[in-house]
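I have placed the structure first, in the form of structure tokens, so that the comments after it can refer back to it.
Only the coordinates and a few stated rules stand behind these numbers; no lab work does. A quick note: this is a predicted structure, and the numbers were derived from the prediction, not measured. We place every Cβ from the backbone using ideal geometry, glycine too, and count neighbours over all the protein chains shown.
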């Protein structure tokens with residue numbers, strides 16, 4: 001039996017029932033519901049073949065070709081679903097809730113599976129994602145110059161029971177020219193939005209949410225405009241950590257990477273760092289003096305960060321002096337300050 005359902009109910013059920021996305025591998029890679037399993041009805045090439053027939057010949061011819069392509073794979077489809085959903089209960093969707101999910105669900109029903117298809121398909125999910133960023137939310141921004149340990153502080157804030165979204169973890173990038181080092185490949189812009197929406201929807205929007213101070217672009221991903229506008233208006237709690245401690249943290253974080261990797265990162269910012277600073281940084285890198293390399297790099301990053309705060313339209317920036325780079329201590333300072341000053 002199959003029951004078509006709307007996106008809200010579909011996502012609620014997805015917390016306990018497996019989601020099967022029958023779109024092509026290329027569509028799935030571009031973006032999908034987090035946690036979904038891809039059991040493609042057609043390969044990328046087959047999907048193109050069916051689409052061409054639909055446009056150039058007729059709908060009937062496209063359906064005929066689709067059946068011819070999919071029928072030999074029925075055994076494989078069932079075998080895959082058996083592993084994904086031994087309970088015989090699954091959620092199924094395609095791009096627009098059309099023939100692919102309908103035919104796939106019918107096949108599963110014939111094999112005693114209970115299915116729920118998503119009305120209007122993945123397109124409905126994408127609308128849901130974009131709308132989620134427009135909802136009212138209480139945002140607090142954790143700021144601080146490069147090397148302040150903001151990500152570590154954010155984790156400690158979460159451990160205190162506060163609501164946190166780690167944008168860099170979702171983007172698989174630390175935000176700077178060095179940000180891709182040691183990270184997994186970044187998601188597409190579309191899938192970054194999907195993962196971010198999923199994280200946001202798990203939170204209580206009536207309570208405050210901490211995010212790290214970021215540029216809108218995090219590597220090749222980009223913070224959705226509706227959320228970005230909220231972040232630009234939100235108060236910034238800026239930890240001021242001594243430069244010496246920030247340099248030590250940067251050396252500890254990035255010193256494990258090869259000279260060639262670090263050199264490539266330095267060259268990415270050569271126009272902004274300036275020819276002399278680049279020359280000096282590369283010379284110190286070759287000598288193995290990573291402390292000096294970090295110090296020279298901060299000449300650009302500190303100037304850029306401070307400029308962004310100076311030109312900020314909303315001047316609600318609160319400086320929190322931190323004598324140590326201990327993440328737990330600094331997280332406690334931030335929470336105490338936020339509570340004392342009635343920030344939600």
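Work out, step by step, the length gained on full extension between residue 244 and residue 13: first 0.36 nm times the residue separation, then minus their alpha carbon distance; give nm to one decimal. Working shown, then result.
Details: separation 231, 0.36 × 231 = 83.16 nm, distance 5.06 nm.
Using 0.36 nm per residue and subtracting the Cα-Cα distance, I get 78.1 nm.
I need the calculated FRET efficiency for the pair residue 131 and residue 155, taking r as the beta carbon distance and R₀ as 22 Å, to the nearest 0.05. Write out the running numbers ahead of the final one.
Working: r = 29 Å, r/R0 = 1.32.
Rounded to the nearest 0.05, the efficiency is 0.15.
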Among (i) 132; (ii) 171; (iii) 201, find the value of volume of the Cα convex hull per residue in Å³ that was calculated from the structure presented, and write down its label.
-> (ii)
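How do 50-61, 247-258 rank on mean C-beta neighbours within 10 Å, highest first?
Those peptides, ordered most packed to least, come out 247-258, 50-61.
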In nm, spacing of pseudo-spin labels at residue 49 and residue 258 (7 Å Cα→C-beta vector) | 4.2 nm
Once both labels are modelled 7 Å past Cα along the beta-carbon direction, what's the residue 329-residue 106 spacing in nm?
-> 6.9 nm
One would report the antiparallel percent of DSSP beta bridges in region 136-340, rounded to the nearest 5, as 10 percent
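Report the gain in length on full extension from residue 316 to residue 289: 0.36 nm times residue separation, minus Cα-Cα distance, nm rounded to one decimal. Mind dumping the intermediate values first?
On the way: separation 27, 0.36 × 27 = 9.72 nm, distance 3.81 nm.
Going from the current span to full extension adds 5.9 nm.
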Before rounding to the nearest 500, sum -39500 (n - 2.57) across all DSSP H runs of length at least 4 in the chain and divide by the residue total; then give [θ] at 222 nm in deg cm²/dmol.
-> -16000 deg cm²/dmol
Listed residues 79, 331, 294, most fluctuating in the chain (Gaussian network, C-alpha, under 10 Å) = 79
Using a Gaussian network model of the chain whose springs link C-alpha atoms within less than 10 Å, name the residue from 333, 315, 12 with the highest mean-square fluctuation.
-> 12
Distance (nanometres) between label positions extended 7 Å along Cα→Cβ at residue 83 and residue 68 | 3.0 nm
Pick out which of 291, 111, 93 has the largest mean-square fluctuation in a Gaussian network model of the chain, springs linking Cα atoms closer than 10 Å.
-> 111
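Using a 10 Å cut-off around each Cβ, can you sort 210, 95 from fewest to most neighbouring Cβ atoms?
On the way: 210 24, 95 18.
Lowest to highest Cβ neighbour count: 95, 210.
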